[in-house]
Amino acid sequence: MSFFKNIPYELVLGWRYTRAGRATRRNGFISFISGVSMMGIGLGVAALIIVLSVMNGFQKEVRDRMLGVVSHIEVYAADGAAVADLPALLARLKANPQVLGAAPFITAQALLARGEDMKGVLVRGIDPALEPEVSDLSNDTQVGVLQRLKPGEFNLVLGRDLSYNLGLQSGDPVTLVSPSGQVTPAGVVPRMKQMGVLGTFSSGHYEYDSALALIHVEDAARMFRLEGPSGVRLKLRDLHQARDVARELQLDLGPGFFVRDWTQQNKTWFAAVQVEKRMMFIILTLIVAVAAFNLVSTLVMTVTDKRADIAILRTLGASPRSIMGIFVVQGATVGVIGTMSGLALGLLVAFNIDVIVPALETLFNASFLPRDIYLISRMPSEPLASDILPVAIISLVLAFVATLYPSWRASQVNPAEALRYE
């Protein structure tokens, strides 16, 4: 009992007012408004956590699919020419503890023609033996299709959408037109080479599936008149360290090389995603703010209902600060309970969304992410502490701020005025 005697009476009274029963019609209405405020805060917090988790999940899915084609880091010769000493460069790059794999490549723009149909493509020359070290593409492509790229045979592996747009199938011939022309008596004409289609790949990212053609690196060097690979692609242990590793490699290799990480290659897309996520956070935070400021009306009605109690406490020696503390405790309790319940609900849904969404699809006989329209057929979710903690803190702060004015009004109640008609 001594423990409870040491608890400040402000906390005791604030908690009692929070859980006040519905002895009267007025108390019942106040209790209802308080419950609505608590529920609103909880639903707002849960909605924020769920939406941000799903956005994180989509971003991770798209990023992983993109990095199946795009390497973590690319190293080029600074003058755009071929790498002079490839084995020495590979050894220096693999000496970095963050580098898992390295593979040479050539990248060039070209035209792909079949009859009268022509399509601008990005041609990437790869080494089939080393490509699996830096790309997940070989794991998702038809079994062994990349390994069938042999030097001197001039074959291509096309993105699935690119092959579909040109009406190409495995075994069909196609003409590759290089913009680097050759000089003839009639002038400079483009270099053309007929090639065969070995197969297709699907990265899950339309930008690459519709414009990327893979060729053996030696064939690419001959086609584009290069003496060797134009750069090296790297795969890291931790893709989030790409900027720091790229900076280290740039300092180590010196001005003779240019190092670019994956965030620089897709800067516009990632910036757009971050802006969208930030705006969604702001919009949903307004829902929490509206629910939190419902506490103002709840506390104002409570203060009006408890004017006599406030007056009695004042005559017994309670200070205005103590009176204010009672109602701050009441409002803060509603905010804490609402925030905690919202966190629990949001995390429960976010961690089990892969079960909840299929159940809803079965229940309503609908498909939220049709396979023939979206790249991702399941609802991804990735709750992050960096999103959840700010949501909880903002919710608690808004609830606390909403209690200040009504609590201050309670501390200004004049005991004589309040007891005049009691």
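The values are calculated or read from the model by the stated rules, or taken from the named source; none is laboratory data. Just so it is clear, the model here is predicted, and its values are computed rather than measured. Using ideal geometry, Cβ is built from the backbone for each residue, glycine included, and neighbour counts are taken over all protein chains shown. Surface areas here come from the heavy atoms of the whole protein model, side chains and all, with no ligands, DNA or RNA. Shrake-Rupley method; radii C 1.70, N 1.55, O 1.52, S 1.80 Å.
Got a number for residues in segment 320-356 being among the hydroxyl-bearing types (Ser, Thr, Tyr) and open to solvent by 50 Å² or more (accessible area, probe 1.4 Å)? Explain how you work it out, then say what you get.
Filtering segment 320-356 for residues among the hydroxyl-bearing types (Ser, Thr, Tyr) gives 322, 333, 339, 341.
Imposing the further condition that a residue be open to solvent by 50 Å² or more (accessible area, probe 1.4 Å) reduces the set to 341.
Of the residues in that region, 1 qualify.
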Original post:
In segment 197-216, which residues are open to solvent by 20 Å² or more (accessible area, probe 1.4 Å) and closer than 11 Å to Val157 by Cα?
Top reply: Leu198, Thr200, Ser202
**OP:** Only residues that are surrounded by 18 or more Cβ atoms within 10 Å (Cβ to Cβ) and among the polar types (S, T, N, Q): list them for segment 382-398, please.
**Re:** Ser395
Original post:
Going by the conditions given, is Val290 surrounded by fewer than 19 Cβ atoms within 10 Å (Cβ to Cβ) and not basic (Lys, Arg)?
Top reply: yes
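Could you pull out the residue among Ser341, Ser322, Ser367, Ser297 that is among the polar types (S, T, N, Q), touching a residue at least 60 places away in the same chain (Cβ under 8 Å) and either in a loop (DSSP other than H, G, I, E, B) or touching an Asp or Glu at 6+ places or on another chain (Cβ under 9 Å) (or both)?
Ser322
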Original post:
For residues in segment 91-104 being within 16 Å of Ser135 (Cα to Cα) and hydrophobic (A, V, I, L, M, F, W, C), which is surrounded by the fewest Cβ atoms within 10 Å (Cβ to Cβ)?
Top reply: Leu100
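If a residue counts only when it is modelled with pLDDT of 85 or more and open to solvent by 60 Å² or more (accessible area, probe 1.4 Å), which helices (runs of 4 or more DSSP H) contained entirely in segment 217-272 have at least 2 such residues?
Working: elements: 217-223, 242-253, 262-265.
Correct list: 217-223, 242-253.
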Subject >> Condition check for Phe327: assigned to a helix (DSSP H, G or I), at pLDDT below 80 and within 31 Å of the chain's Cα centre (by Cα) >> reply: no
